């Protein structure tokens, strides 16, 4: 069993079928095809408001291009120190933003707390031309430590953003897992809370390669599309991005896949705890961060279980990630399996 | 029949099968999987020399990221005025190059001539810090007007580059069509002629979305991979890029697809000439640029033939592009079809 | 006599006096001082309309920072091929613009003609996200070949810009020489003709180092000041920039210096023609571009006259530039001098 | 008395005389003049090793352009959280570096400690293409809190840099004050300790506007000069930068000015302590950071003493800066003056 990441899983059957079906005929390039033209409508229905959809092939592209419309080359993006955009996306935010700086905050379990954010923004003294002034706040849902902002927490952050005239961006590489965990409507944690732009991940949750930039402010479309093209992210066979996304949201596939992964993760946590592991953070989505001793780690590895050490949490910390195809039965019987 | 571009065609069966086959199991992300690890070897064999392969999902990304290792933020890339990088890739070269400027040359049928290039480079007076000095030459094979540089022409350009200490880049979005047309070895028009970096297109010739940056100077790998990641082009499910590329070069699929498209294009030219059209340039690859009168254009359109006007050549000019799946029989009988 | 450029001349007495006077007391930094605070008013009076003034120390900085507020990272600046921003300012426009591309036009004596501009802009087919669309036009007054746009010519260009929704920028490194030559009001060739931003040169015309970015659209101030600071061009002792500029516009010093230089240039042209030289372009400001044979060039050099060859005009072409302190009497008697 | 900053002081007499003297004749532009040509020699003598000198007009430009040669667009610069480049230079480091990121460290009195730096660099796990890897360390001498790194401290930092293969940059906006305070040779805290590039400040210490980028690795010259030109910082009347710098280092003017300012600061500290203030940090250069109560602050202000609150240290914290022309006698008698 491979828990090293959800991106080790292959394409799920429904999306693979959509790719195969798309391969039977010709279609116009660069988003002029029928399927691409359906995206705005499909996602506007999903979110219950008018949105503009700009698909790209990677989560990093979705974050970088999505953010680039919300902040100036002279401005800052406030994020958690552990944010993916701060830790794992090279100097991409400055690249696509033309200089834009990341301003890191602390907070428990990789979450920004509204009060901390408010204090930070209140304490910031704009220093004329000299300082980098915050212009945007970016949060990750689910967070980099596998936790999930509650609906209230996101609304509180949205209020602080409104108070300080900040734009609000959400890195939703695992957005589906958050919605599944919260059992909320996708609007509850996005535009209703003030989110301006969402990167809506599909790649980790069953797609080949597509994440959608969801613009709750359709005025951002032109900049975002220009930025996408200029970055080399406009697909000629754009319809394959659209086909993946339409299959992903049809019949709640995105939520079904996420629920499966979340359930597998909770089951895995129970199995690991039974073996002596302890959760580093409450498991809420499909990622587990645990502490365990060397013996247990070795036993698991010897049984062919794959997972990764996570040094930023501690020397005895590890990450396990479940996916749309994680084998729940085997996970439930993990104790037996490794005893096997 | 849709001749508006080769990118309207779907994935070819062999590559689709590879994507389906890849979807049966888990694999490491970001290029650590087995298939990605085979790319350097596969392409080193193909080119008969050691190369480093950096796959991306679009031709624009391949060009922009591939070029970025060959030129400084203060330098210029000499290209034809009609070059795709100059006309159709937004401000991407300056973006990935950190300021890099395009310096356009004229030349027949979208080709740079070696003598013109030599004159230009000889006449350029470096003006200390003030001027943008040429550092790299970029050519497109097949060209933007569907013509093909001969082996000798490319060697002549390579010699001029060597004389003036220029790096040499080749935009090979339709590289397969050129090799098929020239019946040469791929090395004959690349590293043996001094090409440093090639963008090796697959998307237009049967893939879903993958073009490979081929580095004939493996020292460029680190910069190129850094630039790819920073641009948001490093796929987590990198293995799907690798699977497409491996299928593409297996059993000469890339050349078989290209030969089919080239043959279809020559056949189409004959059919169009029989109807009164005239070639704007000698058709050498899979693209045709023709002149025809309004009546013929209308007749074709009424028969459901799709093609695009091409204003940069003239008010009566049009482009037709054939692909790996163009229906040669129907094309041969075009006269009958439209008479239909 | 040194005619190699007007920038070889030292500071003129009035401006030097202002620098000396400024050195007797303390003053607030970064533009908060009294003199800096007077700039907007002084230049608003000079131009007869409300302007915002952002001083920098070089003409290149004035051009690059001034342009950066008028064009997006994805857009183009239409200019003459021979424009200083295209030929002599490295990749600065792309740097400060975040990718912005220069689109070069031809035209006689380094002038863009309104009809040519109109044709170019009309013929440009916006190609969706792919193309670089013109967003701004930049002209140089006086031009790079020493000629001067007439009031009508600039109004015609302004009308074309308005028609095509372009912003209009003027590189006025030698703006004073143009106003002196035209005997017009400075407003006649700027905001009344639709100019949005002017780089108002002082360095070549008697200052130590200061060119002012004049914003006829004061909304551009914030972006321009941010760009100036970020580029490292905000002086702590900003008052010395202000002191130079205030002295420069007081009692028409800028025009008196320019008139002197223009008169010297016309006189020099007469003296050179008497010796057998021919004007390459009608001398209108303080720069002469001439053709002469090798014998005359040698004779002048042997007499200690300094000037520069100008290869872009021809192998027998040379540039002579007069300045605020050019010795008109000696120039008038050039024939005697070199005979001497 | 104005202690709000050293940059409120005017040009010192020796440098003003040099500017006046330079204004008597013509000279070649862009650094080809005699004085500019003397800079490398003068500073090589000053530092006792071969250096290349690239003058610019502001300290921010010196930092940004100087750093740009030491780090890639994908890399990080380790600095103190309070570093000027991090707090007060907008997004300039990313701008000139093409994306370069600042990585902030803590440390007492705005100093990076060698042990902290070593821990940070040792703990950094390069994460393939994903992470921003440190490539350069930047320290400020004297620091942003007016303290001075000892010779040993800088050598210790240099050793850590060497161990981890980092380049070392020094922001020397107040370098003269540090050398004066340490009574060391300028080489002792620069190249002998491994510093690659120094921004050598003159503006705050008596010049009109010039800071010199000192390259201890002359191979950096080409990149640095290209970066300077492209940023708009190459002066046409470059000789005025050179004249200021030559006067500044002649007969130890730079040290005499700095010693005066340092002495004034120590005297001021004594006077302020006598009035009830307390030093926030040991005063070592020409900047004081103090705590005092509101009554004392009011008394001083009422007496016409100008100084600035410094919120980052505390609500009762203030900064006082002395300069080359601070009136030492009045400062000594501050108690009497305000009693006055």
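The values are calculated or read from the model by the stated rules, or taken from the named source; none is laboratory data. In this text, all values refer to a predicted model and were calculated from it rather than measured experimentally. Cβ atoms come from the backbone with ideal geometry, glycine included; neighbour counts cover every protein chain shown.
Remarks
- Any chance residue A:179 is away from chain B (no Cβ under 14 Å), farther than 23 Å from residue B:232 by Cα and within 12 Å of the chain's Cα centre (by Cα): yes
- Among the residues examined, residue C:255 qualifies as away from chain D (no Cβ under 14 Å) and either modelled with pLDDT of 95 or more or more than 25 Å from the chain's Cα centre (by Cα) (or both).
- Those residues of region B:1-57 which are within 7 Å of chain A (Cβ to nearest Cβ) and part of a loop (DSSP other than H, G, I, E, B), in sequence order: B:5, B:9, B:10, B:11, B:23, B:24, B:25, B:26, B:27, B:28, B:29, B:57
Condition check ((1) closer than 30 Å to residue B:88 by Cα; (2) in the same structural domain as residue A:41 (by TED's automatic domain parsing); (3) free of Cβ contacts under 8 Å to residues at least 24 places away in the same chain) across all residues:
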site: A:191; (1), (2), (3): no, yes, no
site: A:207; (1), (2), (3): yes, yes, no
site: A:210; (1), (2), (3): yes, yes, no
site: A:218; (1), (2), (3): yes, yes, no
site: A:232; (1), (2), (3): yes, yes, yes
site: A:258; (1), (2), (3): no, no, no
site: A:262; (1), (2), (3): no, no, no
site: A:269; (1), (2), (3): no, no, yes
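- Scanning region C:58-79 for residues that are more than 20 Å from residue B:100 (Cβ to Cβ) and either in a loop (DSSP other than H, G, I, E, B) or not assigned by TED's automatic domain parsing to the domain that holds residue C:147 (or both) yields a total of 3.
- Of all residues in region C:199-219 being more than 9 Å from every other protein chain (Cβ to nearest Cβ) and not in a strand (DSSP E or B), the one that is modelled with the lowest pLDDT: C:218
- Within region C:183-198, the residues that satisfy the criterion of being surrounded by fewer than 23 Cβ atoms within 10 Å (Cβ to Cβ), touching a helix residue (DSSP H, G or I) at 6+ places or on another chain (Cβ under 7 Å) and outside any helix (DSSP H, G or I) are C:184, C:194.
- Inspection of region C:263-284 finds no residue satisfying the criterion of being away from every other protein chain (no Cβ under 14 Å), surrounded by 22 or more Cβ atoms within 10 Å (Cβ to Cβ) and within 30 Å of residue C:23 (Cβ to Cβ).
- Meets criteria (under 15 Å from the mean Cα position of the chain (by Cα) and over 30 Å from residue A:74 (Cβ atoms)) for residue C:206: yes
- Condition met for residue D:24 (within 22 Å of residue D:187 (Cα to Cα) and assigned by TED's automatic domain parsing to the domain that holds residue D:200): no
- Filtered residues of region D:285-304 (kept if surrounded by 19 or more Cβ atoms within 10 Å (Cβ to Cβ) and not in a helix (DSSP H, G or I)): D:285, D:286, D:287, D:288, D:289, D:290, D:292
- Residues considered: A:93, A:53. Of these, the only one that is in the same structural domain as residue A:120 (by TED's automatic domain parsing) and over 30 Å from residue C:228 (Cβ atoms) is A:53.
- Hits in region C:110-131 (condition: modelled with pLDDT of 95 or more and surrounded by 13 or more Cβ atoms within 10 Å (Cβ to Cβ)): C:110, C:111, C:112, C:113, C:114, C:116, C:117, C:118, C:119, C:120, C:121
- Matching residues in region D:105-121 - criterion: being in contact with a helix residue (DSSP H, G or I) (Cβ under 9 Å, 6 or more places away or on another chain) and more than 15 Å from residue D:158 (Cβ to Cβ): D:105, D:106, D:107
Results for (1) modelled with pLDDT under 95; (2) more than 21 Å from residue C:80 (Cβ to Cβ), shown as yes or no for each residue.
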{"position": "C:279", "(1), (2)": "no, no"}
{"position": "C:288", "(1), (2)": "no, no"}
{"position": "C:292", "(1), (2)": "no, yes"}
{"position": "C:314", "(1), (2)": "yes, no"}
{"position": "C:320", "(1), (2)": "no, yes"}
{"position": "C:325", "(1), (2)": "no, yes"}
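- Residue within region D:220-231 that is more than 14 Å from chain C (Cβ to nearest Cβ), surrounded by fewer than 24 Cβ atoms within 10 Å (Cβ to Cβ) and either out of contact with any helix residue (DSSP H, G or I) (no Cβ under 8 Å at 6 or more places or on another chain) or not in a helix (DSSP H, G or I) (or both) present: yes
- Any hit, region B:80-88, residues being at the interface with another protein chain (Cβ under 7 Å from one of its Cβ atoms) and not in a helix (DSSP H, G or I): yes
- Residues (more than 7 Å from every other protein chain (Cβ to nearest Cβ) and either in contact with a strand residue (DSSP E or B) (Cβ under 7 Å, 6 or more places away or on another chain) or outside any loop (DSSP other than H, G, I, E, B) (or both)) located in region C:234-251: C:239, C:241, C:242, C:243, C:244, C:245, C:246, C:247, C:248, C:249, C:250, C:251
A quick yes/no check of all residues on (1) in contact (Cβ under 8 Å) with a residue 40 or more places away in the chain; (2) part of a loop (DSSP other than H, G, I, E, B); (3) under 13 Å from the mean Cα position of the chain (by Cα):
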{"site": "C:127", "(1), (2), (3)": "no, yes, no"}
{"site": "C:139", "(1), (2), (3)": "yes, no, yes"}
{"site": "C:162", "(1), (2), (3)": "no, no, no"}
{"site": "C:170", "(1), (2), (3)": "no, no, yes"}
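- Residue satisfying all of: in region D:89-106; facing chain A (nearest Cβ under 9 Å) and part of a strand (DSSP E or B); farthest from residue B:69 (Cα to Cα) among these: D:104
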